[in-house]
Amino acid sequence: MSASQPRLVFVLAGQSNMAGRGSLDEADAVPPDSRVAAFSQVADKEAWQPAAHPLHPDTNSRKAGVGPGISFAHELLRLAPRIAPSIGLVPCAFGGSELARWEEGGDLFAAAVAKVQRSLDEGDATDVVAGILWHQGESDCSDAALATSHTVRLVAALQQLRAALGSPALPVVLGELGCFLDVTDPRFSHAAVVNAGMLTSPASLPGSSCVSAHGLDHRGDRLHFSSAAAEELGRRYAHAWLQLARPAELLCEALPPPAPTCFPESADGVDATPTERAVVD
């Protein structure tokens, strides 16, 4: 790999829908790509290895599954192989994590910064941190005060995380909450507030974008994206990152228009079909 073609390293942060909870049996049958690596635990140490589901087995091995990270990398390679000839994924998401743990001084903030640094130490000298992929918010939806303050705190946390990673202008792509969340459930009663804040957060966080979850389904619990939905979400992250990082580049194909936002503003019309009651993670 030449100095003009560094491996682009992406930080996967947030809670379970970034870590991945989609069924491994339902994942797209895509063979491993030698151009996509993940910095994960191997035996008794962390190391770069070919990326494969699940990317976050250490957060909760019983639930680990398909998330958006690998499909993000594959789509980026497909759309712009010249821009991103090689991709590294650093899994840092943790199921059930509240935003407080991702704010400066929080345990997951510190863990992510340290893990990214270890990944760079163990990688090629030309590796460069190219972006943060973020999906979090479900764990802050039950409390009105947390939901109301979520946007301001989120913007500050991501600004601080970029600074700690040594790149204050690092592109950040956020994902909308799944529109299937049941806002009549007390655990998600303030989800519309949290989601609306994420959609508007790019206005206060230059170099960021929020992708839609329109049309994406759940795995049966009205909380976690299905495998197909997680993979589609990853492709949307790739489109958004390219628009942020290389807006003037001529790609191999035109990017599709962004999907509309989808989250219901009230309980009116919410699907009340009973489903399994999942742990919020």
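Of note:
- Residue 211 long-range amide H proximity, modeled H, under 5 Å: 174, 175, 176
- Using a probe of 1.4 angstrom and keeping all protein chains present, the accessible surface of the chain works out to 42 square angstrom per residue.
- Antiparallel DSSP beta bridges within the chain, as percent of all bridges there, nearest 5: 25 percent
- Stokes-Einstein D for the chain, Kirkwood Rh over Cα pairs, 37 °C, 0.692 mPa s (µm²/s): 176 µm²/s
- Farthest positive-ward along the chain dipole, Cα basis, beta-carbon charges - from 5, 159, 110: 5
- Its residues counted as N, the stretch 105-152 yields a C-alpha radius of gyration over 2.2 N^0.38 Å of 1.60.
- Dipole check for the stretch 97-243: with +1 at the C-beta of Lys and Arg, -1 at the C-beta of Asp and Glu, and the Cα centre as origin, the magnitude is about 240 Debye.
- In Å², nearest 10: area of residue 48 left accessible to a 1.4 Å probe: 50 Å²
- Multiplying each eigenvalue of the alpha-carbon gyration tensor of the stretch 63-116 by 5 and taking the square root yields semi-axes of 27, 14, 8 Å, largest first, rounded to whole angstroms.
- Positive-pole candidate from 126, 83, 226, dipole of the chain, charges at beta carbon: 126
- The chain - percent of accessible surface contributed by carbon and sulfur, probe 1.4 Å: 54 percent
- Check: the chain dipole with +1 on Lys, Arg Cβ and -1 on Asp, Glu Cβ, in debye: 600 debye
- Per-residue extension of 0.36 nm, minus the Cα-Cα distance of residue 217 and residue 45, leaves a gain of 58.3 nm for this segment.
- The chain: DSSP helices with Cα axial extent of at least 20 Å and average Kyte-Doolittle hydropathy no lower than 0.0: 107-122, 144-164
- Taking every alpha-carbon pair within the stretch 1-126, the share separated by more than 22 Å comes to 35 percent.
- Farthest toward positive dipole pole in the chain [+1 Lys/Arg, -1 Asp/Glu at C-beta], among 139, 188, 15: 15
The values are calculated or read from the model by the stated rules, or taken from the named source; none is laboratory data. Here the structure is a predicted model, which is why all the values come from computation and not from measurement. Backbone-built Cβ (ideal geometry, glycine too); neighbour counts: all protein chains shown. All accessible areas refer to the heavy atoms of the entire protein, side chains included, with ligands and DNA or RNA removed. Shrake-Rupley method; radii C 1.70, N 1.55, O 1.52, S 1.80 Å.
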